[in-house]
Every structure is written in C-alpha cells, then in structure tokens.
Amino acid sequence: MTPAFLRYSWGLVLVLLDIRIQYFDILVDFIGYALIISAIKQLARFRSGYGKGLVWAWLLLILSLQEIVPVLGEPVAITGQPAIPTVPMLLYGALVMLLTWIMVHQLLTEMLQHARDVQRRHFAHAIENRRLAYGFVSAAALLYMPFTLNGTENVNVLLPLLLTFSGLLAQIVIIFTCRRAANELRLPVLPEPPLDSDDVPS
C-alpha cells in the first residue's frame, strides 16, 4: 500500500501546483488526477472503502480537460490585477472544489478507519482533526464564492487571500498525511507458514 499512498500524494501535488506559460498550465491537472485514480484502484484492492473515491476522481479528471480546452473561457493569468470571475467559471470552480472535497473526505474517512483497525491511535486522531479542518476550509470557500461576483473591493482582496492561504495550507497537510500513511499503514509482513514434518530436514 505504500506506493499507492505516495502516488496519491504526488497526484495532489500536481493538482495543487499551477505553473503557467502564458495561459497553458505546464503541469496539467489531469495527470495528477490520473495518478490519484491509479492510487485509489491499488488501495481498493486491499480495502474496498478506498474505492469510494474513484468516481469523484474520474469526474475531476474529465473536468480538468478545461485546462487544455478552455470551453468556459481562458484561465486567469497571474497578474497584479484583481480577477473578475464569470458565472460559468465560478460554477466550474465551485464544482471542482466540491468534488475535491468529497474525494479527499472519502480518502480520509477510510484512512481513519484503517488507522483504527491497525491500532494506530495517534495517527487516527491526527487524521480526524485534519479531515475536520479540511472540511471547514472547503465549506468556507464554497460559501464565499457567490459573493465574488458583487462584493466590495476590500472584501474581494483580503478574504480571498485568507481563504486561498488556508486552502493551500489544508491541501499541503493532506499531502503530508498521505505520505505519513505510507509508513503508518503499510501492510504487515505475514509470518511464513510452518514447515510440514516432511519438509523438516533430518
């Protein structure tokens, strides 16, 4: 399971990073989602609960094609000017955020039960706190998004920066949680079966 958790974390890293040349994201998100899908499939072989996140990862991969073929409009370049969101891009961003929240929630919920099953109590406690924190930050960002269309300048500068920073920090914490899971939740080494009497050397 260790490679799968690490692959999931690298998928989140690729989704999180947004490095653009002009408008083109050179680390396209669908590569990150493809890694996450591969990781979920491998994890689901050992614990079926991990497979619950697969449908959300596939939906996010499909939606990420917007980065390559921007049918909803060009992505906003990183400039010193404030972004002016459009309704289609706002809905797209909200949908991606919601699906990501559900996908990560499914992962952390199963990871929490997994940690409890293998008696990793300290890690389970950490997972529970991080799941709640990630959910709170995601919910706050989703609730704020409709107000970006008509908020005041002061609110539209300070509050988004706070939410963006909080969201970035929460995602980094999830990435490190996956990497810690690679060590904490690795499969135990099964004992070798006992030798039959006929196999014991005389």
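Would you point out the residue of the stretch 92-112, among those that are of a type outside the set (A, V, I, L, M, F, W, C) and under 24 Å from Trp10 (Cβ atoms), that is most open to solvent (accessible area, probe 1.4 Å)?
Across the stretch 92-112, the extreme among qualifying residues is His105.
Looking only at the stretch 64-86, which residues are open to solvent by 40 Å² or more (accessible area, probe 1.4 Å) and at pLDDT 75 or above?
Of everything in the stretch 64-86, just one residue is open to solvent by 40 Å² or more (accessible area, probe 1.4 Å) and at pLDDT 75 or above, namely Leu65.
Testing Leu54 on (1) closer than 22 Å to Ile172 by Cα; (2) at pLDDT below 90; (3) open to solvent by less than 50 Å² (accessible area, probe 1.4 Å), one condition comes back false. Which one is that?
(2)
Quick test for you: out of Leu112, Leu107, Leu142, pick the one residue that is within 18 Å of Lys52 (Cβ to Cβ) and more than 14 Å from the chain's Cα centre (by Cα).
The match here is Leu112.
Only one residue in Phe30, Phe46 is open to solvent by 50 Å² or more (accessible area, probe 1.4 Å), touching a residue at least 24 places away in the same chain (Cβ under 8 Å) and farther than 23 Å from Leu95 by Cβ, so which one is that?
Being open to solvent by 50 Å² or more (accessible area, probe 1.4 Å), touching a residue at least 24 places away in the same chain (Cβ under 8 Å) and farther than 23 Å from Leu95 by Cβ holds for just one of Phe30, Phe46, which is Phe46.
The values are calculated or read from the model by the stated rules, or taken from the named source; none is laboratory data. What you see is a predicted model; the values in this text were computed from it and never measured. A quick note on method: Cβ atoms are made from the backbone with ideal geometry, for glycine too, and the neighbour counts reach across all protein chains shown. Surface areas here come from the heavy atoms of the whole protein model, side chains and all, with no ligands, DNA or RNA. Shrake-Rupley method; radii C 1.70, N 1.55, O 1.52, S 1.80 Å.
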